[in-house]
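Here you go, one structure.
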Amino acid sequence: MSSNCRFVLNEERCIIDTLNSTNDPRYRLAKGGPEDQKDLRERLFMWRLRDLIEKLIVNPRPMEKLSTSPASRR
């Protein structure tokens with residue numbers, strides 16, 4: 001692998017962004033997945049974007065008890 005690669009895989013197949021000082025190697029690439037720079041960048045971007053969206057979206061209807069539960073029949 002060349003030394004000018006921004007996105008690399010560590011021993012545990014986690015994607016590492018070498019230019020990001022706040023790097024969080026929790027995004028793991030499955031075996032057999034593409035390992036070129038474009039694919040690693042896209043996967044990391046999509047994972048980070050999903051995490052941000054989950055923080056921004058508020059669920060107006062949190063999970064409620066189902067009407068078929070034993071407690072609701074009383």
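The values are calculated or read from the model by the stated rules, or taken from the named source; none is laboratory data. Computed from a predicted structure; not experimentally measured. Every residue, glycine among them, receives a Cβ derived from its backbone with ideal geometry; neighbour counts consider all protein chains shown.
List pairs: first in the stretch 27-43 and farther than 19 Å from Asn4 by Cβ and at pLDDT below 90, second of a type in the set (Asp, Glu) and not in a helix (DSSP H, G or I), Cβ under 9 Å, 6+ apart or cross-chain?
So the pair list comes out as Arg28/Glu12; Leu29/Glu35.
So, one more: Restricting attention to the stretch 9-21, and to residues there that are in a loop (DSSP other than H, G, I, E, B) and touching a residue at least 12 places away in the same chain (Cβ under 8 Å), which single residue is nearest to the chain's Cα centre (by Cα)?
If we filter the stretch 9-21 for residues that are in a loop (DSSP other than H, G, I, E, B), which is where we start, we get 10-13, 18-21.
Filter once more, keeping what is touching a residue at least 12 places away in the same chain (Cβ under 8 Å): 10, 12-13, 18-19.
Values: Asn10: 16, Glu12: 15, Arg13: 14, Thr18: 17, Leu19: 18 Å.
Out of the qualifying residues, it is Arg13.
Out of the residues in the stretch 27-57 meeting the condition of being surrounded by 14 or more Cβ atoms within 10 Å (Cβ to Cβ) and part of a loop (DSSP other than H, G, I, E, B), tell me which one is nearest to the chain's Cα centre (by Cα).
Going through the qualifying residues, I end up with Tyr27.
I would also like to ask the following. Answer yes or no as to whether Asp24 is in a loop (DSSP other than H, G, I, E, B) and either at pLDDT 85 or above or surrounded by 10 or more Cβ atoms within 10 Å (Cβ to Cβ) (or both).
Details: in a loop (DSSP other than H, G, I, E, B): yes; either at pLDDT 85 or above or surrounded by 10 or more Cβ atoms within 10 Å (Cβ to Cβ) (or both): yes.
In short, yes.
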